[in-house]
Every structure is written in C-alpha cells, then in structure tokens.
Amino acid sequence: LVPNFPSPYPETIPFSDYRRALAEMKESYVYLSKERKVILCILYSYGLCNIFINPIFSVIAPYFIKVQLGLSASIYGVAEGIIAAGMILGGVIISRKSQLFPMKKIGKIYGVMVIAVGVMVISSISFIGPWASIVLFTMGGFIIMVTIAISNVVSLTFTQMNIPLHMQGKVSALSTALATISIPPGQLIYGYFIEAGWPLFIILLMTTFMSI
C-alpha cells in the first residue's frame, strides 16, 4: 500500500492570487517603461526570439529534415543533438570568457544570430543537395544556440545589476510570462506557413529580416 500523504499545496489557487500576480506584473511593466526602458526592450527580445527563432527548431526542423530532405529519423536526431550542443558551448564560453561579452556588444551577438539564420536560408535551396542542406542547417542552428546562450547570460546579468532588489522577483515574473506567452503564436504562425505550402526559403528569408 502506498501511503497517502497530504499535499502542502492547495488543490485550487484562489482567484485573488491570479489578480495579485497580474497586478505585480503590471507594476513591473510600468516601472520598466518609465525607469528601465532598455531592460524592457530586452524582455521584448525574449518574446520575439520565441516567436521567430524557436519555431525554426520546433516546427521547421522536423519538416525540413524528415519530409523535404527525406532523411531518416536518426539523422534528424543527430542534427538536433548538435544544435542543442551549441547551447552548452555557449554556456561554457560565457562562463570562461565573460569579460569578452559586455552588454554593449549584445547587438553584435544578435548580428551573428542573424547571419546564422541566413545560413539556414541557403540550406533551404533545393539544388545544393540534401547532405549539403543538412550540414548548413545544422551549422546555422548550432551558431544560433551559441549566441542565444551567450546573450541570455549577458542580458540577465545586466538586468539583475540594474533592477532594485525589491523589484527583481516581479521583473523576473514578467520576463517569464512574456517569454512563455510568445511561444504559441510562433508555433501557430510557422505551422500555418508550412501547411499553406509556403516555400521554406521564403519562410526562413522572412525570419532573417524579422530577426534584424
């Protein structure tokens, strides 16, 4: 028999808690819009990244590799593994060489990300062949993940250093909320593009311009 331990958490969350959370996020937004506009722009960048960059890996990658290129699931798995390794490498780089990435260089980091998306645009050109396409696509994804890992640490450190201690929890909650609610629109938009038959070259080219 499995003992039935009582849960320390209530089964339902009171509506007042939701209202309080929304009020605190609104307070954070008003504070940032008046006192820390740069940090508010950073939070917007998190959301835009989830709308325009995240669907490349969650929506486009499986369709491109398995359907359009006709490669096996094992090749898809290897490509996704290499791309994910970029996040690990980015974390190692920023932990070892953090002095090379001050906040003022974050624009250049995002510039590298845009170039990497451009590499993915080239990978979607059909006449270069499936193996050249998968190599370029994986390389572009790997670089994107490296830049995301580095830029996230740089921007998070900047945010923590420029937000008063009593506001850090509220700003963090707002950041998480913006990043989370921006994921479904990106999935829906890119899923619609693929379902509507848009060429991947056009989708990725549009993503490149939107990333700028």
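Only the coordinates and a few stated rules stand behind these numbers; no lab work does. Values in this document were obtained by computation on a predicted structure and should not be read as measured data. We place every Cβ from the backbone using ideal geometry, glycine too, and count neighbours over all the protein chains shown.
Note on residue 108: lysines with a C-alpha under 18 Å away, same-chain residues under 8 apart excluded, are 97.
Note on residue 127 and residue 33: the model spin-label points, each 7 Å out from Cα along the C-beta direction, lie 5.1 nm apart. The share of alpha-carbon pairs in the chain lying farther apart than 22 Å comes to 58%.
Kindly state, to the nearest 0.05, the FRET efficiency for residue 88 paired with residue 156, given R0 = 22 Å and r defined as their beta-carbon distance.
Calculated transfer efficiency: 0.80.
Over the chain, dividing the summed -39,500 (n - 2.57) contributions of all DSSP H runs of at least 4 residues by the number of residues returns a 222 nm mean residue ellipticity of -25000 deg cm²/dmol.
Extension gain for residue 195 to residue 210 (0.36 nm times residue separation, less C-alpha to C-alpha distance): 3.4 nm. I want to verify a result. In a Gaussian network model of the chain, Cα cutoff 10 Å, which of these has the top mean-square fluctuation: 127, 52, 201? Ranking 127, 52, 201 by mean-square fluctuation puts 127 first. With all projection directions averaged, the alpha carbon convex hull of the stretch 141-200 covers 5.3 nm².
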